[in-house]
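Following: one structure in structure tokens, then a few remarks.
The values are calculated or read from the model by the stated rules, or taken from the named source; none is laboratory data. Note that this is a predicted model, so its numbers are computed, not measured. Heads up, the Cβs are rebuilt from the backbone with ideal geometry, glycines too, and the neighbour counts pull from every protein chain shown.
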Amino acid sequence: MQPSLKDISVVLVLLATVACGPITPTGYSCQPTTTTITLPEELYETSGVAISLKHPGVFWTHNDGGSVLTAIDSEGQLLSQIMIQPPLRDWEDIAISECFQNSSCLYLADTGDNRERRRAGSISIRRLEEPGLLDTSDQSLAELSTDVFPLRLPDGPRDIEALFVLSEEEIYLATKGRNDPVSVYRYPPPLRSDTVTLELVQELSPGARVIPRQLTGGSVSPEGDLIALRTYESMQLFELVENKLVPLQNGDIDLRPLLEAQGEGIAIGQDGLFVLTSEAAGGSPPQMNLLYCYPEGS
């Protein structure tokens, strides 16, 4: 989601107040593996990120505007671009999970709603089998079709920017917290083509959140035992107990030392890897950070 210029200014001021350095919160220790990686200018609105299960060392990402699925490597180099059909309106997050029989699928959240006015059925989850890396030298991008699963929210329109998928039958979304509490919803399985009302499973805040603490992305570890939700300035780690998120003790990790211009995407990989992406803002280019995070004493 692209916030207003006022929103961006508030975020940048808050980020600028923190010196750059290692992230060492109580309970968890997170250390960047490299300096901040500059992403190609094509990803100026990079909004979500997922770690490929099919291609080692490859990350899938996308802008919130447009419908282009982009593959990059760990150095931020562009590997592949694919046009998604039908087009997405406001693509806010991406997730990956095993699906079908020994395959992997990408799940796309066309759920952005800055003004919180989108009608039931106009927001959706998309699904496609994880594609190969297609040649990007041709000016006309290859196109891939997705399954479309229209959604309805039980409490009216909300801006949703976080998606996490534990399996093809366990799909969750979380609202940004723009005008109402941060709410977590579950898609009642199985996935189907008619408009489905999501189940509200919990609220994570007593009310709306100030801009730096609004949710911008979510992810789950490959083992399914660790879930992360991120904001512009931090990420919170959870476990899932009876369909509800339970915060891990001392699992609130300050991301401000990374000096992200506008932190948006998050993905959890193997062995404690966290991938974070940031949109271009305030004169800074789109960026990616790779971290390894472990409980202290492990």
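What to note about this one:
- Looking across the range 32-53, the residues that are under 18 Å from Asn289 (Cα atoms), part of a loop (DSSP other than H, G, I, E, B) and either modelled with pLDDT of 95 or more or charged (D, E, K, R) (or both) come down to Thr36, Leu39, Pro40, Tyr44, Glu45, Ser52.
- Comparison of Glu169, Glu239, Glu203 shows that the only residue that is surrounded by fewer than 20 Cβ atoms within 10 Å (Cβ to Cβ), charged (D, E, K, R) and closer than 20 Å to Ile94 by Cβ is Glu169.
- Residue match in the range 176-188 (condition: assigned to a strand (DSSP E or B) and closer than 20 Å to Thr61 by Cα): no
- Residue count for the range 80-113, restricted to those that are more than 14 Å from the chain's Cα centre (by Cα) and free of Cβ contacts under 8 Å to residues at least 40 places away in the same chain: 6
- Restricted to the range 236-258, and to residues there that are under 17 Å from the mean Cα position of the chain (by Cα) and hydrophobic (A, V, I, L, M, F, W, C), the residue that is farthest from Glu203 (Cα to Cα) is Leu255.
- Tally, over the range 44-74, of residues that are under 18 Å from Glu129 (Cβ atoms), surrounded by fewer than 18 Cβ atoms within 10 Å (Cβ to Cβ) and of a type in the set (Phe, Trp, Tyr): 0
- Remark: pairs (first residue in the range 255-270, more than 10 Å from Asn289 (Cβ to Cβ); second residue surrounded by fewer than 24 Cβ atoms within 10 Å (Cβ to Cβ) and hydroxyl-bearing (Ser, Thr, Tyr); Cβ separation under 6 Å; 6+ apart in sequence or on different chains) = Ala261/Ser284; Ile268/Ser221.
- In this structure, Leu79 qualifies as of a type in the set (A, V, I, L, M, F, W, C) and either more than 24 Å from Arg230 (Cα to Cα) or surrounded by fewer than 15 Cβ atoms within 10 Å (Cβ to Cβ) (or both).
- Qualifying positions in the range 266-289 - over 17 Å from Leu226 (Cβ atoms) and either out of contact with any helix residue (DSSP H, G or I) (no Cβ under 6 Å at 6 or more places or on another chain) or part of a strand (DSSP E or B) (or both): Thr277, Ser278, Glu279, Ala280, Ala281, Gly283, Ser284, Pro285, Gln287, Met288, Asn289
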